[in-house]
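The values are calculated or read from the model by the stated rules, or taken from the named source; none is laboratory data. This structure is a prediction, so every number in the text was calculated from the model and none was measured. Backbone-built Cβ (ideal geometry, glycine too); neighbour counts: all protein chains shown. Just the protein is used for accessible areas: all its heavy atoms, side chains included, with ligands, DNA and RNA removed. Shrake-Rupley method; radii C 1.70, N 1.55, O 1.52, S 1.80 Å.
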There are 2 protein chains.
Amino acid sequence: MIIGFILIEGEAIMAYKTAPGMSRKVQKLFHLIMHLVALLAGIVGIYAVFKFHHELEIPDMYTLHSWLGMSTISLFGLQWFLAFFSFWWPRARKPTRARLAPWHISFGMIIFLMAILTAETGLVEKFIFLGLRRSQEALLVNFTGLLILLFGISVGLTVLLP
Amino acid sequence: MIIGFILIEGEAIMAYKTAPGMSRKVQKLFHLIMHLVALLAGIVGIYAVFKFHHELEIPDMYTLHSWLGMSTISLFGLQWFLAFFSFWWPRARKPTRARLAPWHISFGMIIFLMAILTAETGLVEKFIFLGLRRSQEALLVNFTGLLILLFGISVGLTVLLP
């Protein structure tokens, strides 16, 4: 679930840089709708975890993975609503928007970083719960982790480099 | 070990922004020496892990945590030597240095991010190996994880914001 979240979020972040053919307004709309899809995916994911824990009678929210995940989705939701009202509708005045933009970008990158942290800690957690050592499955989990990291780095570079 | 590494590395990264009283040359020297200390700490840490695994006959390098840690320290060493030769001695010409700088900064932030990933996955791994649930120790591990994340965010903002 969190992996799908990261992929959608990454695409949404890169919308401004990787889709230069679109007009500014379409890029913005794409950016906000993709982030809304990611937000909904995240909420469904967290609902599924609580349901799973409830059915198997596992305690909730005791690992660092769960703390990171919950903080990520909360900050993500907050960021989405703040940005929607400031940049889309009813929309702040131009100088205010310009002042907000670098904070929106920095805050967005931090949340994206937190999503990657959540995914990686989740993979390691699952790895050890399953008692994996050296097997096909262990390699599959670890390479998934490396791919998420590489995807995160690509998205980061798209934003950072001119 | 990795936590000490992150703290030293974070201070080293922030040297340019948080120590404005120093001359450029002293800042640079501080930056490179702190990173050398972090590199040595990282190497001692990895040596200690292999020694510990050897004594308890645990297999090596099978978790995502170990893969991330080994990649981090390797890229870190590479980055240090490349930067030493380009920026300190024998030192490239000025336009070359200016062209290299943004890559050095981006690459450095990626390595710092990877160090945080390594620390967080390591904490989660230890948490589950110890079979922690809801206890003082569990909270200690998780809050350590949150503190590392907050430190990482502070360092990131110091670099990103003007």
Can you find even one residue in region B:14-22 that is open to solvent by 80 Å² or more (accessible area, probe 1.4 Å), modelled with pLDDT of 95 or more and assigned to a helix (DSSP H, G or I)?
no
From the options B:35, B:54, residue that is assigned to a helix (DSSP H, G or I), away from chain A (no Cβ under 14 Å) and surrounded by 14 or more Cβ atoms within 10 Å (Cβ to Cβ):
B:35
So residue A:120 clears everything in (1) open to solvent by 40 Å² or more (accessible area, probe 1.4 Å); (2) of a type in the set (Asp, Glu); (3) facing another protein chain (nearest Cβ under 8 Å) except one condition, right? Which one?
(1)
Residue count for region B:119-133, restricted to those that are touching a Phe, Trp or Tyr at 6+ places or on another chain (Cβ under 9 Å) and among the β-branched types (Val, Ile, Thr):
1
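Residues checked against (1) away from every other protein chain (no Cβ under 14 Å); (2) of a type in the set (Gly, Ala, Ser); (3) loosely packed, with under 15 Cβ neighbours inside 10 Å:
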residue	(1), (2), (3)
A:42	yes, yes, no
A:59	no, no, yes
A:65	no, no, no
A:71	no, yes, no
When residues of region B:80-111 are filtered for being more than 14 Å from chain A (Cβ to nearest Cβ), of a type outside the set (A, V, I, L, M, F, W, C) and under 21 Å from the mean Cα position of the chain (by Cα), how many remain?
1
In region B:123-148, residues that are more than 7 Å from chain A (Cβ to nearest Cβ) and touching a residue at least 24 places away in the same chain (Cβ under 8 Å) total 2
Tell me whether region A:19-28 contains one or more residues that are farther than 23 Å from residue B:160 by Cβ and in contact with a helix residue (DSSP H, G or I) (Cβ under 8 Å, 6 or more places away or on another chain).
yes
